[in-house]
Amino acid sequence: MAASHLLPRILLTWYDATDEPRIGECWTFTVRLRRPRGFSNPVSFDYEGWLFRQSVGATGYVRGDSVKIDCGRVSELTRVRRHFVDRISALLPEDNATAVVLAITVGARHKINDEQWRRYAITGTSHLMAISGLHIGLAAGGGFFLIWFLLALCRLAWHSVSVVLYLIDRAAQLPYSELRIAELKGFVLLTTATTLIWVVLPASWPGRKLAWLAALGSVLHLAPRPARACVEIHALDVGQGLATVVLTKSHTLIYDTGPAFRSGSDTGALVPVPFLRGKGIDNVDVVVVSHGDNDHAGGVGSLTAEIRVGEILSGEPLPRPRIAPASQTLCEAGQRWHWDGVDFTILHPGPDQIRLGNNASCVLEIRVGTHLALLTGDIELAAERQLLEENRLSSAELVFVPHHGSRTSSHAAFIARLRPRTAVISAGFDNQWGFPKDDVVAALGSWRRRGRQYGHYRRTILSNVSGQRPAAGRGAAPGPSPHLA
């Protein structure tokens, strides 16, 4: 896209920065830019939409030399803001209260950390930062007179803000302070919205006082779960990585949590947690971390910090700080459990398997009647051959293609044994490894494909329509076709 067609702002990340740019300075950078892109999942934050509203036309990172240059005379407003930031930073301690003073006076919000933003979101006080534009306008009108006046009051302001932040912290710790309602949609959303219309009607309007029922209904609403002997498998968009949520009538399993990023954030907090809360789920029975690679295990720490987790199975020991070693169990072929008419079985690795690298991945089979789904992690040729030699594989309705469609996996005999109706390749848009490889996609042959839809969320439902328990053994005659949504 031509530069003239881009929105006017660029959002850059500077890893391992050698200096901290100040307000009003000019720099030249060598950068890598890409079009704005967010995750495409139900409920989660619309990052791409937020960038558009902020007039950001490209994102990227600094990847080379950086030089501060002389940009000539800066505007009066910029000089006022820079002077105020310098003086306040020198006068007051470097803490949360000072960060808020800078934000609400001259709009310098760069010192507010992620944990502060989280607390403001919980307590509904984020809007306090949004009024900073008014203070910027006042600073422009009053110039240095206002600055010196504010500096004279800054210590009082700091003490006042400290008290407010203490109250916010206390409010964030109150019971139910993080109460979230399940996603409203369909008939429930229509009913709630219709009832809330009564709030804006005249006070004398019949039934207006009953509008509180809509709020109560929203809080008490429970998102529907699959029926017994049905399972929902949600392949979430985490970019280059894997995160899958599996739901039965009364249980929840997560297979992999996506990557962590150099910025300090990770997809565990950005994707599975909002998805689960949108479903009204605050407890996960089992988290399976296929193996220790960042694109599969990077989000497990945030997930377990935000959501109660009953058990963690992993293909190889996960290092700190992702999770404490005492809280995890190594998965092993033969482990199995039964939830709500759905059978779960670990097929790999075996007890003698070396617990290191891609071939240590937990391979999970989910069976509903005669219908089967297979989650494979990053297994490669050696693990695929072992599964075939041990006769552990059956034809499947749904398969997550091993190792994101790499040439190290999905060899011909493996494909021929599984013969799934649907294949999911968890590859990020424009990823640096070029996954999935063209020859791997071509080799899938008769596997049903949806095309290369990077950055898409997918839900699949497997249902034992007849209500029978799964047939014993492998390779049983096919049952009724599942519903694919």
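Laid out as a table, the results:
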quantity: Taking 339, 14, 50 and counting other C-beta atoms within 10 Å, the order from fewest to most; calculated: 50, 14, 339
quantity: Amide hydrogen neighbours beyond the local backbone of residue 61, cut-off 5 Å, H modeled; calculated: 13, 32
quantity: Hz values of 3J(HN,Hα) by residue in segment 336-342 - Karplus curve (6.51, -1.76, 1.60), Gly and Pro given as x; calculated: 8, 8, 10, 10, 6, x, 10
quantity: Ranked list, fewest to most other Cβ atoms within 10 Å of each Cβ, for 67, 401, 161; calculated: 67, 161, 401
quantity: Computed P(r) (all Cα pairs; segment 230-463; 5 Å bins; percent); calculated: 1, 7, 16, 21, 22, 18, 11, 4, 1
quantity: Residue 252 long-range amide H proximity, modeled H, under 5 Å; calculated: 285, 286
quantity: Exposure proxy order (Cβ contacts within 10 Å, fewest to most) of 13, 252, 28; calculated: 28, 13, 252
quantity: Residue-wise HN-Hα coupling along segment 303-315, computed from phi with Karplus coefficients 6.51, -1.76, 1.60 (Hz; x: Gly, Pro); calculated: 4, 6, 6, 9, 10, 5, 10, x, 8, 10, 10, 9, x
quantity: Using θ = phi - 60° and Karplus 6.51 cos²θ - 1.76 cosθ + 1.60, couplings along segment 238-253 (whole Hz; Gly, Pro as x); calculated: 10, x, 7, x, 9, 8, 9, 10, 10, 10, 10, 4, 9, 9, 9, 10
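Quick note: the coordinates plus some simple rules give every number you see, no bench work behind them. Quick caveat: nothing in here was measured; it's all calculated off a predicted structure. All Cβ positions, even for glycine, are placed from backbone atoms using ideal geometry, and neighbour counts span all protein chains on display.
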